[in-house]
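Notes for the one structure printed next.
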Amino acid sequence: MKKFLFIALAILTNATLFAQEYNFPVKPGTVAWKQLKFHEEKVRVCQIPDGVLKAMSTKDLLQSCLNYPLLFDMYAYDNLQIGFSQMSEKFNGFAILRSRPDAATAIIDKYKKMDPDIVNTLKSEEDKGKFSMLLSATEILISTDPILKQLTNEQEKDLLKEILKKNNKKDINKEVFGASGKMTLAYTASKVLDKTGDKSWKSYIDNNPKAGVLSEKMIITSEEVINQVFLNVERILSN
């Protein structure tokens, strides 16, 4: 009983802080977190109070979602697309974020500020790994249908430009981002390409079933598919 009273008090105290990103009162490293024995308990205490969610700006809500203590649960699954879906369905912050009309704008702005080169300034391998996973999570978030539907034609091109920049920098720092970082970026690019309705890209997908698997299930069947994704991005941007 004392455990839950302590946790409830921490949450209620934090719930008064509206005009900023949510500071999860119960998270790894806290006494209250150590008292939680089951994963379901951790999921429950990480939910953001409804009043706080409604009062938060979209920018702060996005950052709160990226600060979600169980964000990296997505890596507990064999497929990151499925993992992200399962993880995000259990956190009320993502549902509200996707319903915001300016969600796509906020996410793109945040994504553009996430510079892969920052890993060169991070000292520990753990911090480098966390940034890599956070960047991948942001890319998968961009690729969800509610966010993609919000994109204007201008935002699509802006995002494709940023994806190319991220691709070059991830390649330079491939010892940090690895195959997983390449996959989430290629997946995001393929989803945005789908959204553009580009006829050449659609023709390529229709005639290459292995390529379609990437945007449908985030499964890469060959290096050639990845190359074609980024070649198509470059082609669209050159027009």
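The values are calculated or read from the model by the stated rules, or taken from the named source; none is laboratory data. Everything quoted here is computed from the prediction, not taken from an experiment. Note that each Cβ is placed from the backbone with ideal geometry, even for glycine, and that neighbours are counted across all protein chains shown.
Some observations on this one:
- In the set (1) at pLDDT 95 or above; (2) over 26 Å from Leu97 (Cα atoms), the condition left unmet by Pro146 is number (2).
- Taking the numbered list (1) over 14 Å from the mean Cα position of the chain (by Cα); (2) under 24 Å from Val176 (Cα atoms) in turn, Lys42 passes all entries but (2).
- Applying the condition of being hydrophobic (A, V, I, L, M, F, W, C) and in contact (Cβ under 8 Å) with a residue 60 or more places away in the chain to segment 187-234 and asking which residue is surrounded by the fewest Cβ atoms within 10 Å (Cβ to Cβ) yields Ile219.
- Scope segment 168-186; condition buried (at least 17 other Cβ atoms within 10 Å of the Cβ), more than 23 Å from Asn67 (Cα to Cα) and either within 16 Å of the chain's Cα centre (by Cα) or of a type in the set (A, V, I, L, M, F, W, C) (or both); matching residues: Ala186
- Residue satisfying condition, being part of a helix (DSSP H, G or I) and without any contact (Cβ under 8 Å) to a residue 24 or more places away in the chain, within set Asp127, Asp117, Asp158: Asp127
- Filter pass, Tyr187 being assigned to a helix (DSSP H, G or I), within 22 Å of Ser85 (Cβ to Cβ) and of a type outside the set (A, V, I, L, M): yes
- Residue match in segment 105-118 (condition: of a type in the set (Val, Ile, Thr) and more than 23 Å from Ser57 (Cβ to Cβ)): yes
- Only one of the numbered conditions (1) of a type in the set (Gly, Ala, Ser); (2) in contact with a Phe, Trp or Tyr (Cβ under 8 Å, 6 or more places away or on another chain); (3) at pLDDT 95 or above is violated by Ser190, and that is (2).
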